[in-house]
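The values are calculated or read from the model by the stated rules, or taken from the named source; none is laboratory data. This structure is a prediction, so every number in the text was calculated from the model and none was measured. Because the Cβ atoms are built from the backbone with ideal geometry, glycine has one as well, and the counts that use them run over all protein chains shown. Each accessible area value is taken on the protein alone, full model and side chains, heavy atoms only, with ligands, DNA and RNA left out. Shrake-Rupley method; radii C 1.70, N 1.55, O 1.52, S 1.80 Å.
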Amino acid sequence: ANLFSDLNQWLLKVLLAPMIPGKLLQAPRASYRNASELAKAARVSVMSSFRFVRQLEQEGFLDDDSESLRLVRRQDLMSRWRSAYLRPVRELPLSWIDPVKTDRQLQSALRAYNDDSAVQKRPEPRACLGLLGAAEALGFEPFPKIRPNFYLEKLDRAALVSMRLSPQGAAYGPDVNVRVPIFRESIFRAAVIRDGLPVADILQVWLDVRSCPTCGEALAEEIRRRALIPIFAETLK
């Protein structure tokens, strides 16, 4: 079994959520005595949660002495989690259909798409800002020279057109990259809304930015230091 399958990553985010501010990650925040309580809070099947908890136990990532599900050896766990993101992600360059371009055009398009979804109960695909743009939306320094990225649950022409984006001609001078993620539930369930803008959560940004060759490791370290230190700063028993 893969400890870092899509649903398992979402369950990890739920277990880690109490250590991360709500404005940086959307998830329930509580302690859970067993897999059933975790399943109910995370909205997954009891069997999925049971398998996940059993694997954590087998690999030594749960505190045997705790009455609740408490993660231990978290630095090792986070290191292995990042390794799951070494595989390439499906990415497609896009161009704006409309000639008017601003620095915040992608944010405006995603905000409008999200508003439409709320009003019309639009079916999937879900979408959210990702990578460096998400880091900026969550309070980190902007990277204006980097092409914006966003996540779309699946390549859907109607969704792209509604955002005024197209792959046509983008190979020569793309404006935006769209990523179709392998791990969809863990990305979109944990995404936060900042001023109407759907944004990938801070853990997701930390996992993803290593793929940015110019600033990935530096930003990952800044995120770890500023937002994730409670996860990494384990107290010895």
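Some points to look at:
- Taking each residue of the stretch 49-71 that is over 21 Å from Ser186 (Cβ atoms) and looking for partners that are open to solvent by less than 20 Å² (accessible area, probe 1.4 Å) with beta-carbon atoms closer than 9 Å, six or more apart or interchain, yields Asp63/Leu71; Ser68/Tyr32.
- Among the residues making up the stretch 160-171, those that are open to solvent by 20 Å² or more (accessible area, probe 1.4 Å) and touching a strand residue (DSSP E or B) at 6+ places or on another chain (Cβ under 9 Å) are Arg164, Ser166, Pro167, Gln168, Gly169, Ala171.
- The one condition in (1) touching a strand residue (DSSP E or B) at 6+ places or on another chain (Cβ under 8 Å); (2) within 28 Å of Gly130 (Cα to Cα); (3) without any contact (Cβ under 8 Å) to a residue 60 or more places away in the chain that Val14 fails to fulfil: (1)
- So Ala159, is it hydrophobic (A, V, I, L, M, F, W, C) and more than 17 Å from Trp10 (Cβ to Cβ): yes
- Test: residue in the stretch 207-227 that is of a type in the set (S, T, N, Q), open to solvent by less than 20 Å² (accessible area, probe 1.4 Å), farther than 14 Å from Gln107 by Cα and touching a residue at least 40 places away in the same chain (Cβ under 8 Å): no
- Contact annotation: residue pairs with Cβ atoms under 8 Å, 6 or more positions apart or on different chains, pairing a residue in the stretch 21-40 that is open to solvent by 50 Å² or more (accessible area, probe 1.4 Å) with a partner that is in a helix (DSSP H, G or I) and aliphatic (A, V, I, L, M), are Gln26/Ala190; Arg29/Ala17; Ala30/Ala41; Asn34/Val53; Ser36/Val46.
- Selection count where residues are hydrophobic (A, V, I, L, M, F, W, C), in contact with a strand residue (DSSP E or B) (Cβ under 7 Å, 6 or more places away or on another chain) and open to solvent by 10 Å² or more (accessible area, probe 1.4 Å), scope the stretch 140-159: 1
- Ala233 meets each of the listed conditions (1) buried (at least 17 other Cβ atoms within 10 Å of the Cβ); (2) without any contact (Cβ under 8 Å) to a residue 12 or more places away in the chain apart from (1).
- Matching residues, the stretch 70-88, being surrounded by 14 or more Cβ atoms within 10 Å (Cβ to Cβ) and of a type in the set (Gly, Ala, Ser): Ala84
- Residue count, the stretch 201-217 (criterion: in a helix (DSSP H, G or I), among the polar types (S, T, N, Q) and over 8 Å from the mean Cα position of the chain (by Cα)): 1
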